Structures are given as C-alpha cells and as structure tokens.
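Peer 1: This structure is in structure tokens; I'll ask about it shortly.
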Amino acid sequence: MKLLSLFLFLLVLQSCSGKKSEAKIIETTSEVAMKENRQSESDNFSREKIASLSFDELEQQYFQNKTDTTYVINFWATWCKPCVEELPAFEKIASDYAGKKVKVLLVSLDFPDKIEGQVIPFMKKNKILSEVVLLDDADANGWIPKVSPEWSGAIPATVIYKKDKRKFYEQSFTFKELETEIKIFL
C-alpha cells in the first residue's frame, strides 16, 4: 500500500512538472511597449533610501516646527491593513494641498531590516509620493506618550499640528474625514 501511494505521488509530481515549451507565450510589440511603459512609471515612484530615525531625531526634525505649515504625521506599517487602506487619503491630501502649506509625513513602524525588502517595494507598488521615514526606536514605551499621552500604541495614528495647535487621532481616516480635520488648522 505504501509503495502504491509513493508511485501515485511520483506520477502526480511528474505530470505537474510538464515542459513549458508546450505552452509558448508570444508577446507582440505593443505588449512589450506597454510593459516597458509600466516599468518606467513604476521607476518614477521608487525610493532609493528611506531615512531611519530615532524618536529624538523624528521629534527634532518634524514635531517642533513653528512655521505656518500644517503638518500631518501618520504612523503606519505595511502589515497594518487599516493603515494601508487609508494611505490613499494621505496621498490625496498631499497632492490637493501641496500649494497650501500642508506637509504629509508617513512614519513607518516596520522593522528596520524590512526597508529594502518590504517598505520600498510597497511604496513603489503603491506609488507613494509623500515623504516616508522609518522610526527605528525600540523604546516604544518611551516615545509613544511623547507623541500623545492618549495614544495606546495602536496604529494607524495621526498627529496634525500647526505652530502650537495640535490634535492626535488614534483612528483610520477617509479622505473627507482627514480633509475636515486639516481644514481646522488652515
């Protein structure tokens, strides 16, 4: 019985590894051109590097600005489904409000060793144009309350501020919801 099972397994395995030459794929010139065009578009959205910052560096560079610019700082990760679902809203805000002194910063909470293999390909695939930095600070219990004492540490989370006016949100946003909150700061 064992021999029969082994024989059937090998037979199935052999049939599954059929030769690829039987099914030839022919690409037309237009198909090749379309692929090259898509690749070119995709390359325009690639990032060679993402800054990896400690919380102190992030705080100094992005949380202490006293200019007329409204800062929208979103904490997210590639593995967080609600984070990924709301990213188009942040991208649209960045695009629609580019001339109105609104700056969007996406702070990735992915592991630092995932930048090359996960974060950059994700950004490229999803055509993320907003500035992205990676928060590389293992002391979450130290920096989470500095972002907001109300923050449980769950993501997505967003801080919107302008000068001394600041608001924290531990929630997902639609474009309209995010735009409504930003208009409070403009």
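Peer 1: Testing the spin-label approximation: label points 7 Å from Cα along Cα→Cβ at LYS100 and SER152. State their distance in nm.
Peer 2: Between LYS100 and SER152, the label points sit 3.2 nm apart.
Peer 1: Can you give me the three principal axis dimensions of the range 51-185 from its C-alpha atoms, in Å, biggest first?
Peer 2: Sorted largest first, the three principal extents are 37, 33, 23 Å.
Peer 1: Shifting gears a bit: For the peptides 82-90, 139-147, what is the packing order when you average, over each peptide's residues, the other Cβ atoms within 10 Å and list the highest mean first? Don't skip to the answer; put the middle values down first.
Peer 2: Details: 82-90: 17.8, 139-147: 13.4.
Averaged packing, sorted descending, gives the order 82-90, 139-147.
Peer 1: Once each part is reduced to its C-alpha centroid, what is the distance from the range 57-113 to the range 125-186 in angstrom?
Peer 2: A separation of 7 Å, based on Cα centres.
Peer 1: Something else: Quick one: which of LYS125/LYS165; LYS100/LYS124; LYS125/LYS163 span more than 32 angstrom between C-alpha atoms? Write down the numbers at each step before the final one.
Peer 2: Numbers: LYS125/LYS165 35 Å; LYS100/LYS124 26 Å; LYS125/LYS163 34 Å.
The answer is LYS125/LYS165; LYS125/LYS163.
Peer 1: If N is the number of residues in the range 67-125, what value comes out of its Cα radius of gyration divided by 2.2 N^0.38 Å?
Peer 2: 1.22
Peer 1: Calculate the spin-label point distance for ASP139 paired with LYS49, positioning each point 7 Å from the Cα along the beta-carbon direction, and give it in nanometres.
Peer 2: Between LYS49 and ASP139, the simple spin-label model gives 2.5 nm.
Peer 1: Projecting each Cα onto the charge dipole of the range 51-185 (Lys/Arg +1, Asp/Glu -1 at the beta carbon, about the Cα centre), which of GLN118, LEU106, PHE55 comes out farthest on the positive side?
Peer 2: LEU106
Just so you know, all these numbers are worked out from the coordinates, no wet-lab data involved. Fair warning: this is a prediction, and the values are worked out from it, not measured in the lab. Cβ atoms come from the backbone with ideal geometry, glycine included; neighbour counts cover every protein chain shown.
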